[in-house]
Amino acid sequence: MSNQSETQINFTKDESDPLKDNYGIFPFIQSQTDPEHRKSIHYNTIKELNLSFEGKEIRLRSRLQRSRIKGKGGFIILREGVFSIQGCLFVNEGVVSKQMINFVNAIHLESIVDIVGKVKKAEKPVESCTQKDIELDIIKIYLISSATSVLPFQMEDACRKVNPELEEDDY
């Protein structure tokens, strides 16, 4: 069993950020919220998303499989089971702040996150995801459950293509 320090992320929210309510760590629900409110929230699945959702705002709960954050933006890969989609985050006044980018960069891989985003057509096919024709412009992101900082096995390693020239023919 992991200890709490391995699952906590190293991030301090900037209270002066006007977009501070669009990202952060969700508190434990512990049955303290209205159950009708919890039931009224609709989550889409990555599997169901396609070009017919273009321009629509959707909500996902998924795992953060990969993040590539550099400077004022970056990309994340979200996964639900075997289905994956690319999310885009770039500093945009009134939508995404630099502090939000820093928060996403601090989230451990394989953590569970809630995402609110707008579906858009990908400029070119996203080869690293199952949803190749679309991607998400991330509007909000919340950490639901943090994974340990170093997992013994990364999904990225499992998905890496094998070089067939190095494999032996055992068949």
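Where a number appears in this text, it was derived from the coordinates with a stated rule and is not lab data. This is a predicted model, so every value here is computed, not measured. Note: ideal-geometry Cβ built from the backbone for every residue, glycine included; neighbour counts use all protein chains shown.
For this structure, a couple of remarks:
- Every Cα-Cα pair of segment 68-142 was included, and the share exceeding 21 Å stands at 22 percent.
- Over all orientations, segment 43-104 has a Cα convex hull whose mean projected area works out to 4.6 square nanometres.
- Using the Cβ-Cβ distance between residue 144 and residue 124 with R0 set to 45 Å, the FRET efficiency works out to roughly 0.90.
- Distance between modelled label sites at residue 92 and residue 54, nm, 7 Å Cα→Cβ extension: 1.6 nm
- Residue 100 sits among other residues whose Cβ lies under 9 Å from its own Cβ, and their net charge, with Lys and Arg +1 and Asp and Glu -1, is +2.
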